[in-house]
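What follows draws every value from the coordinates through simple rules; no lab data is involved. Keep in mind that this is a model prediction, so the values were computed, not measured. Heads up, the Cβs are rebuilt from the backbone with ideal geometry, glycines too, and the neighbour counts pull from every protein chain shown.
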Amino acid sequence: MALQRAFIRSWTCEMPVPCFKGRALRLPVTDVDTVVVRYDSALDLMHDLRGMGAGNALIGEKRPLSRGILWRANEVYTDRFADPDGRLRATFNTIWLSGWAPHASQQKPLKPGSATTSLDETLQEIEKSRADKPG
């Protein structure tokens with residue numbers, strides 16, 4: 001059984017699982033990594049965004065912004081969103097989607113309602129055990 005990964009450049013689904021329908025992947029799993037990065041300036045942030053392929057979302061727009069507009073955007077963004085030390089905080093979410101190629105030996109999902117333990121009770125027990133731990 002080979003693990004296949006689907007890399008989606010632009011997110012078009014409201015929920016990740018429907019993106020797998022019709023893609024011959026089973027038992028889909030979704031995970032999100034959140035990373036907070038701090039920048040010295042909005043220009044540094046824009047440089048990284050461009051490197052990630054998120055530089056210009058306008059289809060067909062070819063003209064780059066002038067330096068004056070970029071410097072003014074840097075000033076406004078810094079005035080409005082900078083931390084007390086003057087650095088800018090940006091949060092990036094990476095959404096990972098994975099699924100398994102179908103195979104006869106693959107585990108089958110359980111039928112709805114067949115669980116012997118309540119998810120709500122299990123989560124409450126976990127929260128209680130965390131609250132009981134010192135520190």
Problem set entry | Computed lengthening from Leu119 to Val35, 0.36 nm per intervening residue step minus Cα-Cα distance | 27.4 nm
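Find, among the trypsin sites (Lys or Arg not before Pro) in segment 78-135, those assigned to loop by DSSP (not H, G, I, E, B) with at most 16 other beta-carbon atoms within 10 angstrom. Mind dumping the intermediate values first?
On the way: sites: Arg80, Arg87, Arg89, Lys128, Arg130; in loops: Arg87.
Passing sites in segment 78-135 are Arg87.
Sort 99-110, 39-50 by the packing proxy (mean of other Cβ within 10 Å over each peptide's residues), most packed first.
Highest-to-lowest ranking by the protection proxy: 39-50, 99-110.
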